[in-house]
Amino acid sequence: MSGTHEDAAVSRRVRRLETLLEERGVVVGAELDEALDAFLAGASPANGARVAARAWTDPGYRERLLADGTAAVAELGFVSGGVRPQRLRVVENTEDVHNVVVCTLCSCYPIGLLGPSPGWYKSEAYRSRVVREPRAVLAEFGVRLGEGVRVVVWDSTSETRYMVLPRRPEGAARAGSEEELAGLVTRNGLIGTALL
Ligand code: FE
């Protein structure tokens, strides 16, 4: 076999390996590192807060957000994940339904909208218990829900991430600007482990 042939075969194998690594979320290469650094530098719960505040103040945006979270956050310049494409599904808290997000398998999380995940989100205790006894876990976070409220637990996957659209706070804050409203949104509120 000539050197050229060997090189071509090696190149093919390397490309194939790179593709496999990317598909599995294992990322190599300086360009990807840079892209990841840039993504992480902008990743903050302030992004998710802006999304929530926009949804509260713009009914059309709220509709688009609930129908296709990925596209709606992109309208504001946000992405859920930095490397691979991820579908974002936004689930809305109402008078009757309270949503909470987990990844039972590992720690999938919409980092682009919420920043790095808190330690408890990755803990075995949270991941296993919130599915079995969501009300007890929520109570430990200080979230007390009426008897009539249905709790829905959303289990993340590598392809789909979830964010909660909290209920808009009552009272004085109702009259606030979008920016003021965003200031009322907490990271845990966007996970479902806090009320606003
Ligand atoms: Fe995970």
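Report whether or not Val131 is within 16 Å of the ligand (Cβ to nearest atom) and more than 26 Å from Leu21 (Cβ to Cβ).
Answer is yes for this residue.
Among the listed residues Val97, Val185, Val137, Val151, which satisfies the condition of being within 30 Å of Leu36 (Cβ to Cβ) and either crowded, with 18+ Cβ neighbours inside 10 Å or of a type in the set (A, V, I, L, M, F, W, C) (or both)?
Going through Val97, Val185, Val137, Val151 in turn, the sole match is Val185.
Taking into account only those residues within region 77-93 that are in a loop (DSSP other than H, G, I, E, B) and either open to solvent by less than 50 Å² (accessible area, probe 1.4 Å) or among the small types (Gly, Ala, Ser) (or both), which is farthest from the ligand (Cβ to nearest atom)?
Step by step, filter region 77-93, then rank; the result is Gly77.
Out of the residues in region 19-30 that are modelled with pLDDT of 70 or more and more than 23 Å from the chain's Cα centre (by Cα), which is least open to solvent (accessible area, probe 1.4 Å)?
Leu20
Just to verify a result, which residue in region 154-163, among those that are closer than 16 Å to Val131 by Cα and open to solvent by less than 30 Å² (accessible area, probe 1.4 Å), is modelled with the lowest pLDDT?
Ser156
So the check is Cβ under 6 Å with 6+ separation or different chains; which pairs have a first residue in region 35-49 that's open to solvent by 40 Å² or more (accessible area, probe 1.4 Å) and a second one that's basic (Lys, Arg)?
Short answer, once both residue conditions are applied: Pro45/Arg187.
Table: residues versus (1) among the β-branched types (Val, Ile, Thr); (2) over 20 Å from Ser44 (Cα atoms).
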{"position": "Val143", "(1), (2)": "yes, yes"}
{"position": "Gly148", "(1), (2)": "no, yes"}
{"position": "Trp154", "(1), (2)": "no, yes"}
{"position": "Arg161", "(1), (2)": "no, no"}
{"position": "Pro169", "(1), (2)": "no, yes"}
{"position": "Ser177", "(1), (2)": "no, yes"}
{"position": "Glu180", "(1), (2)": "no, no"}
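Here is a list: Arg168, Arg135. Which entry is over 13 Å from the mean Cα position of the chain (by Cα), modelled with pLDDT of 95 or more and either basic (Lys, Arg) or assigned by TED's automatic domain parsing to the domain that holds Glu34 (or both)?
Step by step, each of Arg168, Arg135 is checked, and only Arg135 is over 13 Å from the mean Cα position of the chain (by Cα), modelled with pLDDT of 95 or more and either basic (Lys, Arg) or assigned by TED's automatic domain parsing to the domain that holds Glu34 (or both).
Could you check region 94-111 and list, in sequence order, the residues that are at pLDDT 95 or above, closer than 29 Å to Glu170 by Cβ and either part of a strand (DSSP E or B) or within 11 Å of the ligand (Cβ to nearest atom) (or both)?
Val97, His98, Asn99, Val100, Val101, Val102
The values are calculated or read from the model by the stated rules, or taken from the named source; none is laboratory data. Everything numeric here is computed off the predicted structure, so don't read it as measured data. Quick reminder, even Gly has a Cβ in these numbers, built from the backbone with ideal geometry, and neighbours come from all protein chains shown. Protein only, heavy atoms only, side chains kept; ligands, DNA and RNA dropped before computing areas. Shrake-Rupley method; radii C 1.70, N 1.55, O 1.52, S 1.80 Å.
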